[in-house]
1. Determine whether residue 67 is touching a helix residue (DSSP H, G or I) at 6+ places or on another chain (Cβ under 6 Å), more than 17 Å from residue 237 (Cβ to Cβ), in a helix (DSSP H, G or I) and in the same structural domain as residue 262 (by TED's automatic domain parsing).
2. Please specify each residue of segment 383-407 satisfying the condition of being surrounded by 14 or more Cβ atoms within 10 Å (Cβ to Cβ) and farther than 10 Å from residue 21 by Cα.
3. Name the strands (runs of 3 or more DSSP E) wholly inside segment 243-355 in which the number of residues that are touching a helix residue (DSSP H, G or I) at 6+ places or on another chain (Cβ under 8 Å) and touching a residue at least 24 places away in the same chain (Cβ under 8 Å) is 2 or more.
4. Within segment 355-382, which residues are surrounded by fewer than 16 Cβ atoms within 10 Å (Cβ to Cβ), within 22 Å of residue 23 (Cβ to Cβ) and out of contact with any strand residue (DSSP E or B) (no Cβ under 6 Å at 6 or more places or on another chain)?
5. Hey, among 240, 234, which residue is modelled with pLDDT of 95 or more, touching a helix residue (DSSP H, G or I) at 6+ places or on another chain (Cβ under 9 Å) and within 17 Å of residue 45 (Cα to Cα)?
6. Please verify whether residue 386 is at negative phi and at pLDDT below 95, treating the condition exactly as stated.
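The values are calculated or read from the model by the stated rules, or taken from the named source; none is laboratory data. It should be emphasised that the depicted structure is a prediction, and the values quoted were computed from it without experimental measurement. With ideal geometry, Cβ positions are generated from the backbone for all residues, glycine too; neighbour counts draw on all protein chains shown.
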């Protein structure tokens with residue numbers, strides 16, 4: 001469920017007309033619904049209420065301070081993968097003790113900063129990284145709380161770019177090496193083992209793979225106990241999918257029910273790292289039609305947003321719903337909806353059945369709250385979009401549109417040749 005609805009044919013976010021935001025803020029602009037973010041977080045939180053748990057929003061999905069601050073006020077924890085994301089969470093009001101630091105490659109200064117502020121856990125992804133974390137912690141005179149990310153070799157059945165639990169993935173430690181890796185961790189005085197972690201992929205539609213991964217991790221937890229190693233939490237990562245087109249993903253309640261059945265009576269705290277399922281359908285991208293054109297009978301709708309603003313269709317072939325903000329009474333016919341970037345991959349839809357729209361029409365691309373602005377760039381020297389948070393009948397600009405000066409901030413021209 002989201003809070004983007006039509007009134008008298010026009011698309012609104014909560015109690016604000018999207019046409020008003022476009023008129024006053026311009027386009028392209030990301031628009032987020034606070035009510036949707038709040039509802040999705042609370043539904044996920046409630047689903048896991050039968051057991052001790054920690055919900056850590058995956059900051060990589062949507063790192064805007066305005067969005068993070070909404071979630072921090074709701075009590076969310078955060079899953080981070082860089083020191084930049086750490087500082088964003090702290091600035092947004094997140095609590096360090098509710099942060100898990102993931103990622104296959106962390107710099108020494110990033111590890112040090114995480115230990116300095118007191119994060120809940122560092123998810124370590126190799127034996128080599130164990131020694132690095134130990135050395136950094138020892139140098140600082142601290143004990144690093146760590147969890148090992150184990151690769152359960154489970155096929156998540158999702159896009160290859162976002163499937164992370166196979167043995168060929170760069171992520172995690174092979175299940176066959178897990179007990180040895182925990183033995184190494186237990187031998188290092190600068191480390192304190194607190195958990196076991198996995199993440200098999202994103203946009204999951206089927207609960208069977210994550211349940212199988214959980215079973216394999218629980219078997220490992222039992223084996224570690226025989227080695228004298230006790231873990232406090234089981235981190236199942238994130239990845240629960242949302243509906244972009246015709247998908248029917250499990251609900252958070254179904255997800256929790258299914259996995260709680262696997263947990264049994266083990267006294268483990270559950271840590272989860274949802275991102276897309278909370279933020280995905282909480283955002284749209286507003287864009288304006290620049291022109292329509294025909295090449296050899298093919299119709300192109302050219303808009304003022306491009307692949308630099310939203311790259312998922314170009315990167316993954318991802319489907320996003322796109323619709324006119326104002327109702328258009330016309331027959332549907334095939335069209336490519338494309339941007340101005342100088343790449344053939346700069347498209348949002350291909351051969352999509354779409355109404356006939358004219359120059360100046362506003363369009364909204366759905367389900368971009370996750371991996372939308374967060375993956376945007378300044379390619380073709382295009383300033384990045386504005387971001388707006390709607391709260392009831394008001395809206396707040398939570399990121400101003402970049403200017404041409406912003407594009408060149410920190411740059412200088414080269415000096416004359418010697």
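1. On the way: touching a helix residue (DSSP H, G or I) at 6+ places or on another chain (Cβ under 6 Å): no; more than 17 Å from residue 237 (Cβ to Cβ): yes; in a helix (DSSP H, G or I): yes; in the same structural domain as residue 262 (by TED's automatic domain parsing): yes.
Judged against the criteria, residue 67 is not a match.
2. Within segment 383-407, the subset surrounded by 14 or more Cβ atoms within 10 Å (Cβ to Cβ) is 383-391, 395, 397-399, 401-402.
The answer is 383, 384, 385, 386, 387, 389, 391, 398, 399, 401, 402.
3. Values: elements: 269-272, 283-295, 298-303, 322-324, 332-338, 347-355.
Ranges flagged: 269-272, 283-295, 347-355.
4. The answer is 358, 360.
5. Details: 240 fails: modelled with pLDDT of 95 or more.
It is 234.
6. Numbers: at negative phi: yes; at pLDDT below 95: no.
For residue 386, the condition - at negative phi and at pLDDT below 95 - is not met.
Every residue, every condition in (1) out of contact with any strand residue (DSSP E or B) (no Cβ under 8 Å at 6 or more places or on another chain); (2) closer than 30 Å to residue 229 by Cβ; (3) surrounded by 23 or more Cβ atoms within 10 Å (Cβ to Cβ), yes or no:
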residue	(1), (2), (3)
269	no, yes, no
274	no, yes, yes
282	no, no, yes
286	no, no, yes
308	yes, no, yes
311	yes, no, no
327	no, no, no
331	no, no, no
334	no, no, no
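Okay, residues lined up against (1) touching a helix residue (DSSP H, G or I) at 6+ places or on another chain (Cβ under 6 Å); (2) surrounded by fewer than 19 Cβ atoms within 10 Å (Cβ to Cβ):
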site: 7; (1), (2): no, yes
site: 13; (1), (2): no, no
site: 28; (1), (2): no, no
site: 41; (1), (2): yes, no
site: 46; (1), (2): no, yes
site: 49; (1), (2): no, yes
site: 62; (1), (2): yes, no
site: 86; (1), (2): no, no
site: 100; (1), (2): no, no
